[in-house]
Amino acid sequence: MPIKKILVVDDSPTERLALAEALAGSGYQIITAESGEDAITKSRSELPDLILMDVVMPGMNGYQATRTISRDAATRSIPIIMCTSKGLETDRIWGMRQGAYDYLVKPVDHADLLKRIQALG
């Protein structure tokens, strides 16, 4: 299934804007969320083709949101790529165990991200 609509989840307006601009410039439709709770709500209402999930956010973190989205019958087929500053191998393993499809450490290389997205589609 080609990736067209991407949900970008990050509590940092700067990170959201940078990812949204890079992806929109490549023709993707972008939806944004600024919290884990917001990500769950929008993943259900918008049914994006892909979710880019930050980990460190106030309230529900990205691991918790990923676990919820990946275990919900309505959203479990949506791939999630974690984009986070948490770069330890144990962080990556934990993210994948929560249901993430891939894991990138910030600062995210936009060319690498685009290649990974294209590989999904």
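Let's see how each residue does on (1) touching a residue at least 12 places away in the same chain (Cβ under 8 Å); (2) aliphatic (A, V, I, L, M):
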| residue | (1), (2) |
| --- | --- |
| Ser26 | yes, no |
| Ser35 | yes, no |
| Asp49 | yes, no |
| Thr68 | yes, no |
| Ile80 | yes, yes |
| Met96 | no, yes |
| Leu104 | yes, yes |
| Lys115 | no, no |
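With the structure loaded, tell me whether Asp112 is over 11 Å from the mean Cα position of the chain (by Cα) and surrounded by 14 or more Cβ atoms within 10 Å (Cβ to Cβ) or whether it fails that test.
no
With the checklist (1) in contact with a strand residue (DSSP E or B) (Cβ under 6 Å, 6 or more places away or on another chain); (2) under 23 Å from Ala119 (Cα atoms); (3) not basic (Lys, Arg) in hand, flag the one item Thr84 doesn't pass.
(1)
Checking the condition of a type in the set (Val, Ile, Thr), in a helix (DSSP H, G or I), surrounded by 15 or more Cβ atoms within 10 Å (Cβ to Cβ) and at negative phi, which residue from Ile40, Ile6, Ile31 passes?
Unique residue meeting the criteria: Ile40.
Just for segment 66-81: of the residues that are in a helix (DSSP H, G or I) and under 24 Å from Asp112 (Cα atoms), which one is farthest from the chain's Cα centre (by Cα)?
The residue in question is Ser70.
If only one of Ala18, Ala65, Ala74 is out of contact with any Leu (no Cβ under 6 Å at 6 or more places or on another chain) and exposed (fewer than 13 other Cβ atoms within 10 Å of the Cβ), which one is it?
Exactly one residue qualifies, and that residue is Ala74.
Collect the residues in segment 43-58 that are over 20 Å from His110 (Cβ atoms), crowded, with 18+ Cβ neighbours inside 10 Å and either over 12 Å from the mean Cα position of the chain (by Cα) or of a type in the set (D, E, K, R) (or both), keeping them in residue-number order.
Matches in segment 43-58: Met57 only.
Please give the number of the condition Met82 fails out of (1) farther than 22 Å from Ser35 by Cα; (2) surrounded by 18 or more Cβ atoms within 10 Å (Cβ to Cβ).
Answer for Met82: the failing condition is (1).
Filter segment 85-103 down to residues that are surrounded by fewer than 17 Cβ atoms within 10 Å (Cβ to Cβ) and of a type in the set (A, V, I, L, M) and give me whichever is farthest from the chain's Cα centre (by Cα).
Within segment 85-103, the match that is farthest from the chain's Cα centre (by Cα) is Leu88.
Values quoted throughout were computed directly from the atomic coordinates according to the rules given, and no laboratory measurement underlies them. Quantities reported herein were computed from a predicted structural model and do not represent experimental measurements. With ideal geometry, Cβ positions are generated from the backbone for all residues, glycine too; neighbour counts draw on all protein chains shown.
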